[in-house]
Every structure is written in C-alpha cells, then in structure tokens.
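Here is the structure we will look at.
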C-alpha cells in the first residue's frame, strides 16, 4: 500500500522501493529522514507553484542526493554531490530507465547545493533543491502551512538536525578537502575541521603558470 504523508504520496513502484532499500541500507537515520523530507518539501513547494512534475523522479533525486556522504558510495576525490549523482546513475541504468530521465535525476542531485541554477532547470531538478533548501536552510518555510509541516515532521522528525547534519557533511568529505573548493561545503570544514584553509580563487589565478 502506498504511504501518504501530508497528502503527498510516497512512490511505491518496484523501482522506488528498491531505491529506498538501497538508501536505507547505507544511510544513517539522520540522512534517511532528511532525504524523505526533501522529497516531501520539494513536492509541496512544487504544488505551491502549480508545477507539473514526475513524483518518482523527484523521489529518486531526493533519496540519492546524499548517498555520496556514506562510506559505501563516497570516492577519494570527487565532490560528494557527484558521488551521489553517479551512484544514482548506476542504479537507474541497471534498471533500464531512459537516459533522459537518468539525466534529470543526475542533474537534480549534482546541482542541489548550487544556488539559483537548479531553479532554471526542469521542475524535477528544481524541486530536489527546493526540498533541500527548506529542510537545511529554511528557505521557503512559509510556503508550507504549519499544520502540513507538523504532519511531515511527525512522520520524519528532526532530532538535533541543525547540528547533526553539519557533522554528517563533515564526516562525508573531510578526507578530501580540496573537493570543497568553490562550494558551500567549504563552510562546513571551516567550522569543524581544525587547520582547514579555504582555497582562494584569486590566489589560484595569481599562481597560474602563465608568465605576464
């Protein structure tokens, strides 16, 4: 039976169930509940705008968007967003999804920490970011009525989330600090990793090997 939370149906296809199992197997409760809320918030914000979108693609993007933080799916060098997107691509290719749909899910995941750009892409891409922005940053808070927020949080609660999600980010990519250049992820390491020094864009330009 399909689960419904705050009048939003959780996709219940074989593909969606297998994706949920994969993510549940590798993610902590913190990340799993966050990922599910991302789908719910994104769907609700999409409805608020009157957008038409494919719920299953939004769900797949939301479910996979943080798996690159986990030991099973993180690499030694790539941004965690790319690790997450590539894990989703491998899973979806193995299930024969059309490349166009896979590309939408890949973009939704790869761009979810990039300000503004996702909002100019397809709705399925934008709404993963919409869910992330609401759950992590509080952006769009007033787009979801208080009683609806309460239903989402009753099903997938936030327990010390503001502190724990930052710790989860750091745990997921502090072994590859260079991957945070030019991203919000550098803020995480600056807060939690002693001795971390951000790469400076202007310093990199100045250090270029061109003579002038």
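A few points about this structure:
- Qualifying residue in segment 93-109 (condition: in contact with a helix residue (DSSP H, G or I) (Cβ under 8 Å, 6 or more places away or on another chain), surrounded by fewer than 16 Cβ atoms within 10 Å (Cβ to Cβ), at pLDDT 95 or above and outside any helix (DSSP H, G or I)): yes
- Matching option when the condition is closer than 19 Å to residue 45 by Cβ and not in a helix (DSSP H, G or I), among 75, 129, 113: 113
- Residues satisfying the stated conditions in segment 164-197, i.e. surrounded by 15 or more Cβ atoms within 10 Å (Cβ to Cβ), outside any helix (DSSP H, G or I), free of Cβ contacts under 8 Å to residues at least 40 places away in the same chain and within 20 Å of the chain's Cα centre (by Cα): 174
- Scan of segment 13-37 for residues that are surrounded by 14 or more Cβ atoms within 10 Å (Cβ to Cβ) and either touching a strand residue (DSSP E or B) at 6+ places or on another chain (Cβ under 9 Å) or over 19 Å from residue 74 (Cβ atoms) (or both), ordered by number: 15, 16, 20, 33, 36, 37
- Output for segment 38-55, where each listed residue is crowded, with 17+ Cβ neighbours inside 10 Å, touching a residue at least 60 places away in the same chain (Cβ under 8 Å) and part of a helix (DSSP H, G or I): 38, 39, 40, 41, 42, 43, 44, 45, 46
- Close pairs from segment 94-106: first in contact (Cβ under 8 Å) with a residue 24 or more places away in the chain, partner surrounded by fewer than 15 Cβ atoms within 10 Å (Cβ to Cβ) and in a helix (DSSP H, G or I), Cβ under 9 Å, at least 6 apart: 95/14; 95/18
- Residue list for segment 124-147, restricted to those being more than 15 Å from the chain's Cα centre (by Cα) and farther than 21 Å from residue 32 by Cβ: 140, 141, 142, 143, 145, 146, 147
- Inside segment 22-42, residues that are farther than 13 Å from residue 132 by Cβ and touching a helix residue (DSSP H, G or I) at 6+ places or on another chain (Cβ under 8 Å) make up a count of 8.
- Check on residue 83, closer than 25 Å to residue 185 by Cβ and assigned to a helix (DSSP H, G or I): yes
- You will find that of 90, 74, the residue that is touching a residue at least 24 places away in the same chain (Cβ under 8 Å) and more than 23 Å from residue 9 (Cα to Cα) is 74 and no other.
The values are calculated or read from the model by the stated rules, or taken from the named source; none is laboratory data. None of the values given here were measured: they were computed from a predicted structure. When we count neighbours, we look across all protein chains shown, and the Cβ atoms used for this are built from the backbone with ideal geometry, even at glycine.
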